[in-house]
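This report refers to the structure that appears directly beneath it.
The values are calculated or read from the model by the stated rules, or taken from the named source; none is laboratory data. Source: prediction; values computed, not measured. Glycine gets a Cβ as well: all are built from the backbone with ideal geometry, and neighbour counts include every protein chain shown. The protein model used for the area step is the full one, side chains on, heavy atoms only, and it has no ligands, DNA or RNA in it. Shrake-Rupley method; radii C 1.70, N 1.55, O 1.52, S 1.80 Å.
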Amino acid sequence: MTARLRQDAIVRSLRRNGISTVADLAAEVGASRRTVLRDIGALRDEGFVIHSEPGRGGGLQLDPQSVQATARLSVPEVFALLISVVSVRASGGLPFSDLADAALARIERALPADKLRDLRRLLDCLYVGHLSPLVNISDMGTMAPALLPAFETAFLQRLRLRFRYRDSKGAVTDRNVEPQAMLILPPLWYLVAWDPARGAFRHFRMDRITRPEIEDGAVFQRRHVPFEDHVRPVRDLSR
């Protein structure tokens, strides 16, 4: 269990149980007392008010007024929420879209300035359009969980991305590209990138990408991507 997952589990346990001892929390998350104490310190640094009651029958208690879910959301997590709403809306299947937009707007406003800046830079790379009915989606697969954190680094730091790609005919190649945009054509998602080896833009279906890796030090400049007329940028979900 990672530190992030362990700390989330500690918060859930404190909210559920009211009062817990360090020993109980350590047993629940499968970590040592020292690790749990370190996690408690990290949570307090984030703004969670965790009271310590000494003596027999005492323990740790979380002040419910200090729980701010948005403080625990990373930029990729907020971005994942935003693009999920965007993609469903683009397909015309999102009920209560106004409520979803309002909730996401509040999440954005609660982000620290540096995270908000990164989120908006990622949104500047996001585009939405309509998929042609001639495109075959019968072989659509799932996207690798490693894609989103790899994209975050590639887009924010302008670093090249290496990955293995399987095309529509099943041929597998290793690619090294400069990510320029993410394109949602529901239900398909594409990475739009400049391919230096071919001297052209290429669209890579994300469900066909595996083994994404950042190429350290390979910085590139952002290019203007020529999209079709039905494709539009997504810069702000507020309507």
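Data table
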item	result
Å² per residue, accessible surface of segment 143-239 at 1.4 Å	53 Å²
With every protein chain in place, segment 135-239: carbon and sulfur % of accessible area (1.4 Å)	49 percent
Computed over segment 168-239: relative contact order in percent, which uses C-alpha pairs under 8 Å that are six or more apart	21 percent
Selection of GluC sites (Glu not before Pro), segment 130-239, meeting DSSP coil and at most 15 other Cβ within 10 Å	228
Amide H within-cut-off set for residue 128, under 5 Å, with H built and near neighbours excluded	184, 232, 234
Förster radius 45 Å - calculated FRET efficiency between residue 2 and residue 102 (Cβ-Cβ, nearest 0.05)	0.90
Computed [θ] at 222 nm, helices only, for the chain once each DSSP H run of length n ≥ 4 contributes -39500 (n - 2.57)	-11500 deg cm²/dmol
Segment 92-239: relative contact order as a whole-number percent, Cα under 8 Å and 6+ apart	30 percent
Computed label-point distance, nm, for sites residue 221 and residue 38 using a 7 Å Cα→Cβ extension	4.5 nm
Top of 37, 191, 119 by mean-square fluctuation, Gaussian network on the chain, Cα under 10 Å	37
Most mobile of 114, 45, 167 in a GNM of the chain (Cα contacts under 10 Å)	45
Cα→Cβ-extended label distance, 7 Å offset, between residue 110 and residue 142, nm	2.8 nm
FRET E, pair residue 134, residue 156, Förster distance 41 Å, beta-carbon r, rounded to 0.05	0.75
